[in-house]
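Reading through the structure tokens given below for one structure.
The values are calculated or read from the model by the stated rules, or taken from the named source; none is laboratory data. What you see is a predicted model; the values in this text were computed from it and never measured. Ideal geometry is used to build each Cβ from the backbone, glycine not excepted, and the neighbour counts take in all protein chains shown.
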Amino acid sequence: MAITIIDKTGKALGTADLPAALSAAPKSALLHQAVVRHLANRRAGTADTKRRDDVAGGGKKPWRQKGTGRARAGSIRSPLWRKGGVVFGPHPRSFAIAMPRTARRRALAMAFAAKAASGEVILVDAAGLKPEKTKDLIALLWGAGRRKPDERAKPDGSSVLFVIDRARDEGAREIALCGRNIAKATVIGHGDVSAHALLAHQRVFVTKNACEKLAEVCGA
């Protein structure tokens with residue numbers, strides 16, 4: 001499988017073969033499991049409600065058991081009463097879902113292969129890429145191969161994921177800083193990439209160093 005490779009100015013340099021470790025055939029069940037796990041693990045699980053024994057007051061029996069003609073009641077903090085406790089309400093819990101490491105890496109490779117097969121993965125030769133302004137990164141992400149002379153590139157409705165190697169890419173810090181100013185762009189390190197991140201964005205830009213690291217991880 002071949003993917004397009006561009007330089008720091010967005011000019012196409014040709015194509016490159018996708019590493020074998022990132023060419024796994026997609027399986028919808030495994031990708032679904034990986035995405036559900038990612039979304040579940042992001043949940044804080046801090047929602048909480050008070051039970052009847054957590055609500056203040058209610059220690060005294062409102063009225064005697066018999067003789068009043070009213071229904072028997074033992075506490076004004078019963079769930080049946082206004083300002084009483086909550087029945088079956090949420091309480092702090094963990095929504096974390098376990099998934100084997102091998103399955104996670106396989107799902108990552110499948111998501112990457114699916115995006116590459118759709119022509120939505122672009123390999124970036126990041127040598128010398130150190131954007132000084134946000135517009136420089138915009139020109140690379142939304143103007144690569146499509147920009148007319150003297151026409152300023154602007155973010156369109158498409159979302160972009162830019163995967164970098166924070167340790168080895170020369171301009172990783174500058175790319176991350178510029179990416180924070182773009183609503184439709186997400187810049188992350190190769191160690192933070194997930195199947196959900198790849199599938200949630202319409203186009204994926206990945207530097208050569210980051211691609212090598214992803215292939216190394218998925219092939220382990």
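Some values worked out for this structure:
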read-out: Count of residues meeting criterion [surrounded by fewer than 18 Cβ atoms within 10 Å (Cβ to Cβ), assigned to a loop (DSSP other than H, G, I, E, B) and of a type in the set (D, E, K, R)] in the range 167-220; value: 4
read-out: Some residue of the range 155-166 being at pLDDT 90 or above, over 26 Å from Leu39 (Cβ atoms) and not in a loop (DSSP other than H, G, I, E, B); value: no
read-out: Long-range neighbours under 6 Å by Cβ, at least six apart or interchain, first residue surrounded by 13 or more Cβ atoms within 10 Å (Cβ to Cβ) within the range 90-112, second modelled with pLDDT of 95 or more and not hydrophobic (A, V, I, L, M, F, W, C); value: His91/Asp48; Ile97/Arg37; Met99/Arg37
read-out: Test result for Arg52, among the charged types (D, E, K, R) and assigned by TED's automatic domain parsing to the domain that holds Leu141; value: no
read-out: Given (1) of a type outside the set (A, V, I, L, M); (2) more than 30 Å from Gln33 (Cα to Cα); (3) surrounded by 12 or more Cβ atoms within 10 Å (Cβ to Cβ), number of the condition Lys60 does not satisfy; value: (3)
read-out: Residues (modelled with pLDDT of 75 or more, in contact with a strand residue (DSSP E or B) (Cβ under 9 Å, 6 or more places away or on another chain) and assigned to a loop (DSSP other than H, G, I, E, B)) located in the range 114-154; value: Gly119, Glu120, Asp125, Ala126, Leu129
read-out: Residue within the range 42-52 that is at pLDDT below 95 and among the acidic types (Asp, Glu) present; value: no
read-out: Long-range neighbours under 7 Å by Cβ, at least six apart or interchain, first residue at positive phi within the range 43-70, second surrounded by 10 or more Cβ atoms within 10 Å (Cβ to Cβ); value: Gly45/Arg93; Gly45/Ser94; Gly45/Phe95; Gly57/Ile76; Gly57/Arg77; Gly58/Ser75; Gly58/Ile76; Gly58/Arg77
read-out: Extreme residue, surrounded by the fewest Cβ atoms within 10 Å (Cβ to Cβ), among residues of the range 1-23 that are part of a loop (DSSP other than H, G, I, E, B) and hydroxyl-bearing (Ser, Thr, Tyr); value: Thr9
